[in-house]
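Some notes on the structure that comes next.
The values are calculated or read from the model by the stated rules, or taken from the named source; none is laboratory data. Being a predicted model, the structure only gives us computed values, none of them experimental. Cβ atoms come from the backbone with ideal geometry, glycine included; neighbour counts cover every protein chain shown. Accessible surface is based on the protein model in full, side chains and every heavy atom, while ligands, DNA and RNA are left aside. Shrake-Rupley method; radii C 1.70, N 1.55, O 1.52, S 1.80 Å.
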Amino acid sequence: TLSRRHASFGVVEGYCFLGENVGGAGGVRVIGPGHRSYNNYFESLSGRTGGIIALEAGEPNAPNNGYEPVTDCIVAHNTFVDCGDPALALDRSFGADGRTVLPSGVTIVGNLISLPGQSAVIGVDNGFTWADNLAFANGLGTAPANGTTSLSTDPLSTSADGLERPTPGGPAENATAAAFAFLQSDMDGQPRDANPDIGADELSGAA
């Protein structure tokens, strides 16, 4: 896993996590304040932490070697494909080892989930902001339906480079509200428009 621990206001952007179903392969662990996860692509991760992006429960008055609470966090425009864990775990290890503080102030927007064998999301939604997420999964889990649309067919197609990208004309294209169009580019460095595509990739003919 890429673990954002003992740090704050870190940005994880534009990574490809290609697990090839090797045992113990995870995604991103989020600990502490201010972290952002943008434009990341997660495929065939067997799972390690209960969620491909795992928001960790925190400790009150956490020591330097402990778990600071997750606050002011954004998870936006990530793509999840055929992984062994749900896309998001919202409260990992809550109640264990004095970790009694749920993540708060979290925004989850524009994520594209294709995990037909998994629930889309697990864990407690502690008043998070959700918008314009799509899930082709075995149920939404704890993701609210007013911010996550459940799909009956896969919104992704295999591209020439082997990665799964939004199907042209499909439900992900131009489907993020302008109010959440705060990213200038996608995982390939191509520009996003005023109504970005959901997921890490923007359908584009740009260089």
Spin-label pair S150/N61, simplified geometry with 7 Å Cα→Cβ offset, distance in nm: 4.4 nm
Hey, what do the phi angles of the stretch 143-159 turn into as Karplus ³J(HN,Hα) couplings, whole Hz, using 6.51/-1.76/1.60 and θ = phi - 60°, x for Gly and Pro? 6, x, 5, 7, x, 9, 8, 7, 10, 9, 10, 5, x, 10, 10, 6, 8
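Report the calculated FRET efficiency for A179 and S93 (r = Cβ-Cβ distance, R0 = 41 Å), to the nearest 0.05.
Working: r = 33 Å, r/R0 = 0.80.
Computed FRET efficiency for A179 and S93: 0.80.
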Using the Cα atoms of the stretch 52-120 to build a convex hull, what is its mean projected area in square nanometres? 5.1 nm²
Measuring from label point to label point, each 7 Å out along Cα→Cβ, what is the S159 to A7 span in nm? 2.6 nm
Non-local amide H neighbours of W130 (under 5 Å, H modeled in plane, Pro and chain starts lacking H): which ones? I108
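Give the whole-number value, in cubic angstrom per residue, of the convex hull volume spanned by the C-alpha atoms of the stretch 1-92. Display every interim value, and only then the final one.
Values: hull volume 6.9 nm³, N = 92.
Each residue corresponds to 75 Å³ of Cα convex hull volume.
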In whole Hz, the Karplus estimates of ³J(HN,Hα) for the stretch 191-197 (6.51, -1.76, 1.60; θ = phi - 60°; x where Gly or Pro) are x, 8, 9, 5, 10, x, 5
Given a 1.4 angstrom probe, what's the average accessible area per residue across the stretch 59-194, in square angstrom? 43 Å²
Place a point 7 Å from Cα of D72 in the direction of its Cβ. Which residues in the stretch 1-30 have their backbone N less than 15 Å from it? 7-11
Can you send over the carbon and sulfur percentage of the accessible area for the chain, probe radius 1.4 Å, protein chains only? 48 percent
I53's amide H: which non-local residues (gap 5+, or another chain) put their own amide H closer than 5 Å, with H modeled 1.01 Å from N in plane and none for Pro or chain starts? V28, L88, A89
Read-out volume of the Cα convex hull per residue in Å³, derived from the coordinates shown; its label in [x] 153; [y] 128; [z] 108: [z]
